[in-house]
Amino acid sequence: MPIVDHATRLITCKLVYYGPGRSGKTTNLTYLHSALPSGQVGSLTSLATRRDRTLFFDYLPVDLGTVGAYRVRFQLYTVPGQPYYRAIRQLVLQGADGVAFVADSQRHRWEDNIESLQDMHANLAEHGVDARDLPIVMQYNKQDLPSSLAASVAELSVALNFRAVPEYAADALTGTGVFDTLRSLGMRVLRRLGADDGTPAGQRAAAAMRTPLHVPAIAAGFDASVTESVSRAAGAAA
């Protein structure tokens, strides 16, 4: 669910890079962090586990503009892909506003990709999220490998992209497809924020963006029940 800060007119959205271990999630984030202008990114933080890492950093895009009167900041996260870190993946995925699924194109990782995708859907369901309502894009990493080692985009699409979401061939080491993945996911999240689709996230964001510019930030932060109570008390005092 997006975090709305009325004082700074900033909406913060959480984007999670999901996929099997060593598929290239960490490589995506490290490439993005090194390639983006320093004024647009926060510090890259790494939480190391025994065999994997969770990375995250803030990203304030300038080329995506604003939504209503609000700027949008993305918080980018990776999840540890190893099977025994499921609890950590659940925690990181909680509250995600969009997901980039990073598949490993190597043919011997075929089943790993399928299991990871199923794991993602199961974890979203445990958080009460229907994957059909969440912005998701697919990235097929390691497409630089020869066809004898890597499945084609068409093959991976048939196996993994049954919802026909945007998909991108990538080589995260050199940056191919990395920005396309982020830009596509970011735009899908922004489109979802701009419409009240009936979900709690949509209602919260749409309400925030309807806030008039002259409303004091502290008043805009109250929910309707608190505002009504204060108004009644003020009327009684008068």
Reported to the nearest 10 Å², S38 has, with a 1.4 Å probe, an accessible area equal to 100
Simple SL model, points at 7 angstrom along Cα→Cβ for A125 and Y84; separation in nm is 2.6
The percentage of the accessible area of the range 132-185 (probe 1.4 Å, all protein chains present) made up of carbon and sulfur atoms, to the nearest whole number, is 57
Heavy-atom accessible area of L149, protein chains in place, probe 1.4 angstrom, given in Å² to nearest 10, is 90
Taking alpha-carbon centroids only, the range 1-20 lies from the range 144-176 a number of Å equal to 27
Pseudo-spin-label distance T176 to A164, built 7 Å along Cα→Cβ, given in nm, is 2.7
From most to least accessible, 1.4 Å probe, no ligand or DNA/RNA atoms counted, I136, I114 line up as I114, I136
Simple spin-label estimate for S34/S152, 7 Å along Cα→Cβ, in nm, reads 3.2
With every protein chain in place, the accessible area of R163 for a 1.4 Å probe, in Å² rounded to the nearest 10, comes to 100
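The values are calculated or read from the model by the stated rules, or taken from the named source; none is laboratory data. Predicted model, so just to flag it, every value in this text is computed and none were measured. When we count neighbours, we look across all protein chains shown, and the Cβ atoms used for this are built from the backbone with ideal geometry, even at glycine. All accessible areas refer to the heavy atoms of the entire protein, side chains included, with ligands and DNA or RNA removed. Shrake-Rupley method; radii C 1.70, N 1.55, O 1.52, S 1.80 Å.
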